[in-house]
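The values are calculated or read from the model by the stated rules, or taken from the named source; none is laboratory data. All of these numbers come straight from a predicted model, not from anything done at the bench. Cβ placement follows ideal geometry from the backbone for every residue including glycine, while neighbour counts extend to all protein chains displayed.
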Amino acid sequence: MKKYFNYSLRQYADAISLRTPVPGGGSAAALTGCLGAALISMVAQYSQGKSPSPVTEKKIKRLLAKNERIRRRLLELVDEDAQAYLQVTKARRGKKSSLKSALAQARKVPLEVCQLCYSALQLTPFLVKNGNQNLMSDIQVAINLLLAAFQSSLIHVQINQ
């Protein structure tokens, strides 16, 4: 399977619109979270070098590093969700015990997306207060994307019970 994170935006949108089991909602939720985290990184980068306080500058640098780890992991989860769901579709044709195991594995990805989105959301208040004030609309969009990804992933955690 070709890695979705290597697709162009057009290729990914085309792939998700097809009548195929993957990519689907879980993959889209991870990508949505990744986009929210990307906006946080953008605001953090624009905020560097703007504060009169060295302490604030240090915090922005640490925030950016933490957020970049979150962003990269969310991008990886775009593919991991698709792989996990393919195992579920395969297991549906087999034994009930293998389906139960596949569903347990499939729950792990959206659960991690929820956790990462929550972690990224916790970074935003500092940027609202100390970040580049010209980019507050970008922070608001980031928050909305992260909330959408969190809520969408939570649906997948619940449905894979």
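Within segment 4-19, can you find the residues that are out of contact with any Gly (no Cβ under 8 Å at 6 or more places or on another chain), of a type outside the set (Gly, Ala, Ser) and surrounded by 12 or more Cβ atoms within 10 Å (Cβ to Cβ)? Tyr4, Phe5, Tyr7, Gln11, Tyr12 - these are the residues of segment 4-19 that are out of contact with any Gly (no Cβ under 8 Å at 6 or more places or on another chain), of a type outside the set (Gly, Ala, Ser) and surrounded by 12 or more Cβ atoms within 10 Å (Cβ to Cβ).
Of the residues Ala148, Ala106, Ala120, only one is at pLDDT below 95, touching a Gly at 6+ places or on another chain (Cβ under 9 Å) and on the phi < 0 side of the Ramachandran plot; which? Checking each option against the conditions leaves just Ala106.
Do you know which residues across segment 131-142 are out of contact with any Phe, Trp or Tyr (no Cβ under 9 Å at 6 or more places or on another chain) and surrounded by 19 or more Cβ atoms within 10 Å (Cβ to Cβ)? Once the filter is applied, which keeps residues that are out of contact with any Phe, Trp or Tyr (no Cβ under 9 Å at 6 or more places or on another chain) and surrounded by 19 or more Cβ atoms within 10 Å (Cβ to Cβ), segment 131-142 yields Ile139, Ala142. Given the criteria out of contact with any strand residue (DSSP E or B) (no Cβ under 7 Å at 6 or more places or on another chain), of a type in the set (Lys, Arg) and part of a helix (DSSP H, G or I), does Lys2 qualify? It is false that Lys2 is out of contact with any strand residue (DSSP E or B) (no Cβ under 7 Å at 6 or more places or on another chain), of a type in the set (Lys, Arg) and part of a helix (DSSP H, G or I). Val78 meets each of the listed conditions (1) over 20 Å from Ile16 (Cβ atoms); (2) within 11 Å of the chain's Cα centre (by Cα) apart from (1).
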